[in-house]
């Protein structure tokens, strides 16, 4: 039974089935509304308060800790199949406050606010003194690696010209000096041969994104570039996109269906 | 914050309600 406080709300165990269901609904909501970066997964329910709601239902006020996964938010892979980014990779963690309404057995997010930060350099170096830390996206080595990787991908991909959408993460390692990047590309209305001026190439109305990982290893006078991209199925443009933040509510009973076909991979 | 520990006269150790379990690793 809820633990009455006399303060208007009740306290329930953070690991109670209802708190867990509310937290999972909240994390689904978070991932559906993230517009860049990687999907997050629930690590811990920090606090739960349950407020009665008139005329019906109750509101779960949750504080959640989340961890970054290796799946980009545009990747249709279900969250359950996404690996958690490990501390040695300099992962990002999230702190979130949610209000989730429970009514008629259904959970609906009413309010969401999250902050995310990379783990501290000290924490990473405590477990791995030689591991690479995250690099700034405007670092010249990062920008060079991303541009070289995108060019290489387009040269091998003899058809549609893919444009840069977002640099998602980047790391520079000590000698042999290497740069590792992860970035998002999208198909345009240009062909590779016809993309003399990429600024004139427009994204397709039916968006087709790809997620790429690349590395540039530098040895004396030699550079070795490697790039792998996974191109996802085309995504119909939603009727309205709330660029300012999360919509006020989402019907968790009807999550968007994943694509019927697995994502195509291009090397 | 004042929290009632349970029904008056209830015996036994207090149950820790929160935070919940760590699912992956502690930050």
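Read the figures in this text as sums done on the coordinates, not as results from a lab. Worth saying up front: this structure is predicted, and the values here are computed from it rather than measured. Positions of Cβ are backbone-derived with ideal geometry, glycine not excepted, and every protein chain shown enters the neighbour counts.
Which of the residues spanning region A:118-129 are outside any helix (DSSP H, G or I) and under 11 Å from residue A:89 (Cα atoms)? First the steps, then the outcome.
The first filter runs over region A:118-129 and keeps only residues outside any helix (DSSP H, G or I), leaving A:118-120, A:128-129.
Correct list: A:118, A:119, A:128.
When region A:51-85 is limited to residues that are more than 14 Å from every other protein chain (Cβ to nearest Cβ) and in a strand (DSSP E or B), the one that is surrounded by the fewest Cβ atoms within 10 Å (Cβ to Cβ) turns out to be A:52. The set of residues in region A:147-162 that are under 17 Å from residue A:200 (Cα atoms) and surrounded by fewer than 12 Cβ atoms within 10 Å (Cβ to Cβ) contains only A:159. Here is the figure for region A:201-225: residues that are free of Cβ contacts under 8 Å to residues at least 60 places away in the same chain and not in a loop (DSSP other than H, G, I, E, B) total 10.
Let's see how each residue does on (1) part of a strand (DSSP E or B); (2) touching a helix residue (DSSP H, G or I) at 6+ places or on another chain (Cβ under 6 Å):
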{"position": "A:155", "(1), (2)": "no, no"}
{"position": "A:171", "(1), (2)": "yes, no"}
{"position": "A:175", "(1), (2)": "no, no"}
{"position": "A:183", "(1), (2)": "yes, yes"}
{"position": "A:187", "(1), (2)": "yes, no"}
{"position": "A:194", "(1), (2)": "no, no"}
{"position": "A:199", "(1), (2)": "no, no"}
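Of the residues making up region A:9-50, those that are part of a loop (DSSP other than H, G, I, E, B) and more than 10 Å from chain B (Cβ to nearest Cβ) number 5.
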